[in-house]
Amino acid sequence: SEQMALNEDRVVSAFDASMGQWLTSILYHAGENIERSSELEQRFGWRLRVPVGYELMDEYADQNFVAFVRQVDRRLLWLWVYWEDRIHPDQLTNDWCLLKRDDVARRFFGGDQTSPGEVNIYQKEFVGKLTVCLEGLWEHAKEWQGGPFKSYALVNVDQDRFFLINMGIYAPNRTKALQMRQLDALAHTFSLR
């Protein structure tokens, strides 16, 4: 019945909310690097609540690319942010977003590429903006590596600025679903000045 479907939606969103809170508590169990979070806002005009334990890679900051990386055992987790001005929201087609993601990864982040045919692309609200979301697998053919990734592509019309926020994991023979949810919780702390 309609009532059951409505209640099911409520249960699912309540579960998602409590899962999100739990993941956030794990993500920040060692605290937030508040100094680093504030520094991002001053330098780049956007903010991310950086958890203690994530290293900042900013050697390409002058080219609008910043990455946060965490190595735990044989797991490597990352989230990177790339931005570019004067891109109109109409440009954000599925193909364009996919090409842009691979182009940025090639130029600044070791050259991984999305696995062909393994990408789910859809529109979703993210930090109050309509975004193109890409989810799938990345691969690095030369190094025989791969893993899951998720990206958010959006335009902040007020600034006339395009943002691409990409998360990924390399963790051979390990489960990755929980870490991807954690990275997604981290991505959702992204905010604009």
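The values are calculated or read from the model by the stated rules, or taken from the named source; none is laboratory data. This one's a predicted model, so the numbers in the text were calculated from it and none came from an experiment. FYI the Cβ positions are ideal-geometry reconstructions off the backbone, even for glycines, and counts take in every protein chain you see. Side chains are part of the model used for accessible areas, which takes the heavy atoms of the whole protein and leaves out ligands, DNA and RNA. Shrake-Rupley method; radii C 1.70, N 1.55, O 1.52, S 1.80 Å.
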Given (1) open to solvent by less than 40 Å² (accessible area, probe 1.4 Å); (2) over 21 Å from ARG181 (Cα atoms), index of the condition SER115 fails: (2)
Of the criteria (1) in contact with a Phe, Trp or Tyr (Cβ under 8 Å, 6 or more places away or on another chain); (2) open to solvent by 40 Å² or more (accessible area, probe 1.4 Å); (3) within 19 Å of ILE165 (Cα to Cα), which one ARG43 fails: (1)
Scan of the range 61-80 for residues that are under 18 Å from the mean Cα position of the chain (by Cα), surrounded by fewer than 18 Cβ atoms within 10 Å (Cβ to Cβ) and not basic (Lys, Arg), ordered by number: ALA61, VAL69, GLN71, LEU76
Subset of the range 98-112 [on the phi < 0 side of the Ramachandran plot, open to solvent by 40 Å² or more (accessible area, probe 1.4 Å) and not aliphatic (A, V, I, L, M)]: ARG106, ARG107
